[in-house]
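Q: Once you've had a glance at the structure underneath, I'll fire off some questions.
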Amino acid sequence: MIALDASAVLALLFREPGHERVAEALDDACLSAVNAAEVLERLTRHGQDVEEARRMLEFAPWETVAFDLSDAAESALLAPAGRSLGLSLGDRACLALGRKRGIPVLTADRAWLELRAGVEVQVIR
């Protein structure tokens, strides 16, 4: 199992460099609901209807994982270490999901390789 960052999902959807690596991981992947929100926002910014985009994510092969108060606390713990790298809430939600489940995370953001967050980071490009 692997946790997907929004950047990885967007690379797949827009067929950006590295999308093949994401496609290989889909059958055993999960996505935080926070990252799903980021993906939906980006798709609607590019003109897609929000309900159409939501349905697309609803039927995606990965598991979408709810974000609860313990996930919020885990994300907050990552804030100090990630501040210098400019980690967003979505970035920290993905990392928190990886830590919580003891699984690697998949991202397009190479800066994550500098982070010591107690989770394996894999980059798609």
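Q: If I compute Rg/Rh (Cα atoms, Kirkwood Rh) from the structure I just sent, which labelled value in (1) 0.96; (2) 1.06; (3) 0.94 lines up?
A: (3)
Q: Also, quick follow-up: List 99, 45, 55 from most exposed to least, where exposure is judged by having the fewest other Cβ atoms within 10 Å.
A: Numbers: 99 19, 45 8, 55 11.
Sorted ascending by nearby Cβ count, the order is 45, 55, 99.
Q: Could you give the length gained by full extension between residue 59 and residue 120, i.e. 0.36 nm per residue of separation minus their alpha carbon distance, to one decimal place?
A: Numbers: separation 61, 0.36 × 61 = 21.96 nm, distance 2.71 nm.
Working it through step by step, the gained length comes to 19.3 nm.
Q: Shifting gears a bit: By how many degrees, between 0 and 90 and to the nearest 10, does the Cα long axis of helix 33-45 differ from the longest principal axis of the chain?
A: Relative to the chain, helix 33-45 is tipped by roughly 40 degrees.
Q: Taking neighbour Cβ counts within 10 Å as the exposure measure, how do 94, 30 sort from fewest upward?
A: 30, 94
Q: When the chain is fully extended, how far beyond the present Cα-Cα distance does residue 113 get from residue 16, taking 0.36 nm per residue of separation? Don't skip to the answer; put the middle values down first.
A: On the way: separation 97, 0.36 × 97 = 34.92 nm, distance 2.00 nm.
Result: 32.9 nm gained on full extension.
Q: Around residue 34, under 9 Å between beta carbons, what's the net of Lys plus Arg minus Asp minus Glu among the other residues? Please report the intermediate quantities before stating the final value.
A: Values: positive: 92; negative: 38, 71.
The answer is -1.
Q: When 70, 75, 32 are ordered from fewest to most other Cβ atoms inside 10 Å of their Cβ, what list results? Intermediate values should be presented prior to the final figure.
A: Working: 70 10, 75 24, 32 29.
The most exposed by this proxy come first: 70, 75, 32.
Q: For region 37-109, what is one quarter of the convex hull surface built on the Cα atoms, given in nm²? Display every interim value, and only then the final one.
A: Working: hull surface 22.7 nm².
Answer in nm², one decimal: 5.7.
Q: Then there's this: Can you compute the charge dipole magnitude of the chain about its Cα centre, using +1 on each Lys and Arg Cβ and -1 on each Asp and Glu Cβ, nothing else charged? Give it in debye, rounded to the nearest 20.
A: Numbers: 14 positive and 20 negative charges, 83 e Å.
Dipole magnitude for the chain comes out near 400 debye.
Read-outs: derived from the displayed coordinates by stated rules, not from any lab. Nothing here was measured: the structure is a model prediction, and the numbers come from that model. Glycine also receives a Cβ, built like all others from the backbone with ideal geometry; neighbour counts cover every protein chain displayed.
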